[in-house]
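What follows is one structure encoded as structure tokens, with my remarks underneath.
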Amino acid sequence: MLSAQCSLLSAHCSMLIAHYLTLSHTFYWLITTKELTPLAHNTTRDGYSQLTQRLNKLPQGAPPSELLYQILRLLFSPYEAELVARLPVVPFTAITAAKRWKLPVGKAQNILEKLCSRALLLDAEQKGEVVYTLPPPMAGFFEFSLMRVRGDVDQKLLAELFYQYLNVEDEFVKDLFSLDPPLGRVFVNESALEDNGVYILSFERASEVIKTASHIGVGMCYCRHKMEHVGESCDAPLNICLTFGTTAASLARHEYNRLVDKSEGLELLAQAYEHNLVQCGENVRQNVSFICNCCGCCCEALVAERKFSMLRPVHTTNFLPKLQQEECTLCGKCVRICPLGIISIDEEVRIDGERCLGCGVCIRACGFSALQLTPRAARVITPLNSVHRILQNAIDKGTLEQLVFDNQVLFSHRASAALLGAILKLPPAKQLLASKQFKSQYLESLIKRFSR
């Protein structure tokens, strides 16, 4: 039986390869007969459509809509949109961009620098040369566009478009916050765990991220800046969101944030605690790239958690508040302070443990020691690093072949992508039969490849 299934799968794969060989010959004929010119300038809308397709090669994409095209028109010129649509998924050099754009290296470098100056690309030095990355829309260039006050783009209009695209249409937010594992996770309020004997791992501490980061940047909160433009902001601090590592260095180089030392970083964290803000950061154990200090009224992650809690938009901490009824005076401070509004008072305080983030903000608000953080029954699993998380997202969304086989020119890559895509779409039993080693050795090799 096993042998027969293997033979069937082999035949299926051979048919796929033959099918794509036929497609490749057709594609070649179209090019040579000038029926199709892949790099020709098309209509303006086509350039933004191509850019949208490029953004959606990663799991953190952007569902196409007229609002999205309006946003992209504000941020990219038609020519830039067409060029950026051809950029690789993985970090690349100016030489790579020049080849894809069919431009001299010097001209390509000038374009890349202009894009970096507007925080549409990120740059970093790697092994003695500058490499560039196109960040996803979120957490990425959507947010960077409002991380400082600038005059080269209509930020009020941009904020209004973001508000409509993210808070009214909902499709983008639902897509973004349905990633498994999620993009973000909550860091526990460390002062809420003081002296209660609960063990907390180093990667669960925002303070540890700050202490170990190579670079620390502080910038304007995109969420509250956006809400300020639409007349719905709160009075929480505006310049308090943190980025780390090469992301922080790139944004600082182009004046989208300000580099600070560890001492000031910890002071900003203490300020966030004092304003009862929740620390939502990148959902990884190593090399966390951002920690936002979030309010429940403005910030995208917490607003999404309120609206779509069944999707679990952000990973919780490994803790839950436990109420000591005999100590509770029913003062209601915890009810008023909860960022998700999941604490209520009937004849006693009730906490919705299914929706609780475990942030610990309520613990600090309680002046009578009636609340205490306790470990969850099952620990939350946090991906090792961003590569690990993105690969898991890609497998979950069925887009891994687009991530692994990014070269759209070579037929071998297109055929291999199609084959991998077909395997990933098989029922679980057949998928296991087809690629028993895929989720172990192959996945490990992919993590190593993209972590270089």
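The values are calculated or read from the model by the stated rules, or taken from the named source; none is laboratory data. In this text, all values refer to a predicted model and were calculated from it rather than measured experimentally. Cβ atoms come from the backbone with ideal geometry, glycine included; neighbour counts cover every protein chain shown.
For Lys211, which of the numbered conditions (1) touching a Lys or Arg at 6+ places or on another chain (Cβ under 7 Å); (2) within 26 Å of Val303 (Cα to Cα); (3) not β-branched (Val, Ile, Thr) fails to hold? Among (1) touching a Lys or Arg at 6+ places or on another chain (Cβ under 7 Å); (2) within 26 Å of Val303 (Cα to Cα); (3) not β-branched (Val, Ile, Thr), the lone unmet condition for Lys211 is (2).
Hey, does the range 72-86 have a residue that's crowded, with 20+ Cβ neighbours inside 10 Å, farther than 26 Å from Glu125 by Cα and in contact with a helix residue (DSSP H, G or I) (Cβ under 7 Å, 6 or more places away or on another chain)? Among the residues of the range 72-86, at least one is crowded, with 20+ Cβ neighbours inside 10 Å, farther than 26 Å from Glu125 by Cα and in contact with a helix residue (DSSP H, G or I) (Cβ under 7 Å, 6 or more places away or on another chain), which makes the answer yes.
Going through Ala119, Ala124, Ala159, Ala139 one at a time, which residue ends up being surrounded by fewer than 22 Cβ atoms within 10 Å (Cβ to Cβ), in contact (Cβ under 8 Å) with a residue 12 or more places away in the chain, in contact with a Phe, Trp or Tyr (Cβ under 9 Å, 6 or more places away or on another chain) and not assigned by TED's automatic domain parsing to the domain that holds Thr247? It is Ala124.
Checking the structure you have, find out if any residue of the range 323-338 is surrounded by 20 or more Cβ atoms within 10 Å (Cβ to Cβ), closer than 25 Å to Pro383 by Cβ and of a type outside the set (Val, Ile, Thr). The answer is no, given that none of the residues of the range 323-338 is surrounded by 20 or more Cβ atoms within 10 Å (Cβ to Cβ), closer than 25 Å to Pro383 by Cβ and of a type outside the set (Val, Ile, Thr). Among the candidates Ala270, Ala236, Ala252, the residue that is in the same structural domain as Glu305 (by TED's automatic domain parsing) and in contact with a Cys (Cβ under 9 Å, 6 or more places away or on another chain) is uniquely Ala236. Restricting attention to the range 73-93, the residues that are under 14 Å from Leu58 (Cα atoms) and assigned to a strand (DSSP E or B) add up to 0. For Val131, the conditions (1) under 30 Å from Pro313 (Cβ atoms); (2) part of a strand (DSSP E or B) are fulfilled apart from (1). Looking at the range 48-60, can you tell me whether even one residue there is among the small types (Gly, Ala, Ser), touching a His at 6+ places or on another chain (Cβ under 9 Å) and not in a loop (DSSP other than H, G, I, E, B)? Taking every residue of the range 48-60 in turn, none turns out to be among the small types (Gly, Ala, Ser), touching a His at 6+ places or on another chain (Cβ under 9 Å) and not in a loop (DSSP other than H, G, I, E, B). Looking across the range 226-280 at every residue that is touching a helix residue (DSSP H, G or I) at 6+ places or on another chain (Cβ under 8 Å), among the β-branched types (Val, Ile, Thr) and closer than 24 Å to Pro182 by Cβ, the one that is surrounded by the most Cβ atoms within 10 Å (Cβ to Cβ) is identified as Thr243. Restricting attention to the range 182-202, the residues that are touching a Ser or Thr at 6+ places or on another chain (Cβ under 8 Å) and either buried (at least 16 other Cβ atoms within 10 Å of the Cβ) or free of Cβ contacts under 8 Å to residues at least 40 places away in the same chain (or both) total 5.
If the condition is being crowded, with 21+ Cβ neighbours inside 10 Å, outside any loop (DSSP other than H, G, I, E, B) and in contact with a Leu (Cβ under 8 Å, 6 or more places away or on another chain), then the range 142-156 contributes only Phe144.
Does Gly367 meet the test of being part of a loop (DSSP other than H, G, I, E, B), touching a Phe, Trp or Tyr at 6+ places or on another chain (Cβ under 7 Å) and in contact (Cβ under 8 Å) with a residue 24 or more places away in the chain? When the stated conditions are applied, Gly367 does not pass them. When Ala119 is tested against the conditions (1) of a type in the set (A, V, I, L, M, F, W, C); (2) assigned to a loop (DSSP other than H, G, I, E, B); (3) on the phi < 0 side of the Ramachandran plot, the lone failure is (3).
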